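Undergrad: One structure coming up, written as structure tokens, with questions to follow.
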Amino acid sequence: MSETGLPFFIAIGASGGEGMTDMVTLLHLLPKPVHAVVLAVLHRPFDKISHLRDILARGSGMPVVVAGDAERFVPGTCYIGEPDGHLSLRSDAQASLVTGHDDKLRNRTVDTLFNPVAAFSPGPAIGIILSGSLDDGSRGLAAVHAASGVTMVLDPRGKWPPGMQQNAIQHDGPVDIVGTAHMIAEMVGRVTTEARHL
């Protein structure tokens, strides 16, 4: 949180089993405490029971909460949505759950978070793309960049076919860092520490 009392947002997007593993790793590596609100999205079927909260909580070192609609965020906490209620951000910087019934947003859930974070974050935010297929998150990460946020992508290390990471790197606007989970976590620490004194 900055000296103005407004929360600093970190938005993380991933897909699939590898993306979930990346998310667990990154949350474990983030500074403790992290001086920001962490918003995490992983592609999930809308009609299946999800254990994502428990999986992330076991390794994250911070509280992991399933957000309620219009919930006020608490820094130092990781928030996720429901399988059929995708996490997003309202114009007043509170939680919004966007219906995902019939998987209508399943391959756009990262953009569904990143775009409003870019638009409604009280200050510059951080957007992070981890492993996943297709190109979800590319547009949202570009929006974070355009809003003077910090953009990060986990190094795809030559993966084929191109997925979320490669597509984000090649989309509109430069990415501030393409690197390992350790490098990303270290930069998050620097950026959020600086943000506290803005």
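Undergrad: Which of the trypsin sites (Lys or Arg not before Pro) across segment 29-90 are loop residues per DSSP, with 16 or fewer other Cβ within 10 Å?
TA: Working: sites: LYS48, ARG53, ARG58, ARG72, ARG90; in loops: LYS48, ARG72, ARG90.
Answer in residue order: LYS48, ARG72, ARG90.
Undergrad: How many nm is it between the label spots at SER148 and ALA70, if each spot is 7 Å from the Cα in line with the beta carbon?
TA: For SER148 paired with ALA70, the spin-label model returns 3.1 nm.
Undergrad: Take every Cα pair under 8 Å in the chain that's 6+ residues apart, average their separations, divide by the length, and report that relative contact order as a whole percent.
TA: Relative contact order, the chain: 24 percent.
Undergrad: Let me ask something else about it. Run the dipole for segment 56-198 about the Cα centre, Lys and Arg Cβ at +1, Asp and Glu Cβ at -1, nothing else charged, and hand back the magnitude in debye, nearest 20. Present the calculation step by step, with values, prior to reporting the outcome.
TA: Working: 11 positive and 15 negative charges, 51 e Å.
Rounded to the nearest 20 debye, it is 240 debye.
Undergrad: Mind giving me the nanometre distance, one decimal, between the label points for TRP160 and GLU18, set 7 Å out from Cα along Cα→Cβ?
TA: In this crude label model, TRP160 to GLU18 measures out at 1.3 nm.
Undergrad: Per 0.36 nm of contour for each residue apart, how much would the distance between GLU194 and ILE49 grow if the chain were fully extended, relative to their Cα-Cα spacing? Intermediate values should be presented prior to the final figure.
TA: On the way: separation 145, 0.36 × 145 = 52.20 nm, distance 3.90 nm.
Between GLU194 and ILE49, full extension yields an extra 48.3 nm.
Undergrad: Now for a separate question. Using the heavy atoms of the protein chains alone and a 1.4 angstrom probe, what is the accessible area of segment 34-108 per residue in square angstrom? Walk me through the numbers on the way to the answer.
TA: On the way: 3430 Å² over 75 residues.
On a per-residue basis, segment 34-108 sits at 46 Å².
Undergrad: Can you send over the carbon and sulfur percentage of the accessible area for the chain, probe radius 1.4 Å, protein chains only?
TA: Values: 4740 of 8670 Å².
In the chain, the share of accessible area belonging to carbon and sulfur is 55 percent.
Undergrad: Is the shape of the chain rounded, prolate or oblate, going by the alpha carbon gyration tensor and its root eigenvalues a ≥ b ≥ c, with a/c under 1.5 for rounded and a/b larger than b/c for prolate? Don't skip to the end; give the middle numbers.
TA: Details: a/c = 1.29, a/b = 1.08, b/c = 1.20.
Note, shape of the chain comes out rounded.
Undergrad: Once fully extended, how much extra length lies between ASP92 and ARG58, figured as 0.36 nm per residue of separation less the alpha-carbon to alpha-carbon distance? Working shown, then result.
TA: Values: separation 34, 0.36 × 34 = 12.24 nm, distance 3.06 nm.
Full extension from ASP92 to ARG58 adds 9.2 nm.
The values are calculated or read from the model by the stated rules, or taken from the named source; none is laboratory data. As the structure is a prediction and not an experimental result, all values here were calculated from the model. Positions of Cβ are generated from backbone atoms using ideal geometry, with glycine treated the same way; all protein chains shown enter the neighbour counts. Note: accessible area is taken over every heavy atom of the protein model, side chains too, but ligands, DNA and RNA are not part of it. Shrake-Rupley method; radii C 1.70, N 1.55, O 1.52, S 1.80 Å.
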